[in-house]
Amino acid sequence: MHWARPIFTLLIALFASRAFAHSGEGAGGFLAGLSHPVFGLDHVVAMVAVGLWGAFLGPPAIWMLPIVFPLVMAFGGVVGILGVPLPATEIGIAVSAIVLGLMVALAARPPLWIAAVLVGAFAIFHGYAHGKELPDGANAVAFSAGFVIATGLLHLTGIAFGLLARWPAGRLAVRAAGCVIALIGVTYFGGYA
């Protein structure tokens, strides 16, 4: 049981609350950034779709697309934090769900560079929205780290489900998930168009 003490200490350190005074955490630090993408269905479906599509395409897309998205998204976040205007952000987010969902549903297999450019283009809109929604007085670095990590976890969720495509029934399930994602994107698009 001598191994339990360091693990218990680590868990306490990771989950212990710290004083929120002057840290920006209470208004929008790491935890706010971590939760932000998870509570927006428009973000969730697009980010899961990136993982699904990467898994569907297989190596190297399975790791490249989920790396391209958060890197470019972080750039978009900086653009949003700086207040640089990006027109039609919400439409871009809705279209990302439609297009990425369709890529999965239709089993699209473009060259890797095209898939990466497409994913990166949509990541700018998602990052911009996160950066623009940074609460006043928030710690921008902590908030950004939170939303990038949450994005990675959503990609991993998509990858895990997307690996079902190795079997015929799983392939149908993954493509059906792409249809559902595209339809969710259409409903969001209808609200903004």
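With 24 Å as the cut-off, how large is the P(r) tail for segment 67-193, expressed as percent of Cα-Cα pairs? Can you show the working numbers first?
Working: 2504 of 8001 pairs.
It works out to 31 percent of all Cα pairs.
Express in whole angstrom the spacing between the alpha-carbon centres of segment 46-70 and segment 116-176.
9
Given the peptides 166-177, 41-52, 94-105, 125-136, arrange them by the average over their residues of other C-beta atoms within 10 Å, most packed first.
Values: 166-177: 14.1, 41-52: 26.8, 94-105: 24.2, 125-136: 21.8.
With the highest mean Cβ count within 10 Å placed first, the list reads 41-52, 94-105, 125-136, 166-177.
Rule-based calculations on the coordinates, nothing more; no lab input. These figures come from a predicted structure and were not determined experimentally. In this analysis, Cβ positions are derived from the backbone assuming ideal geometry, glycine residues included, and neighbour counts consider all displayed protein chains.
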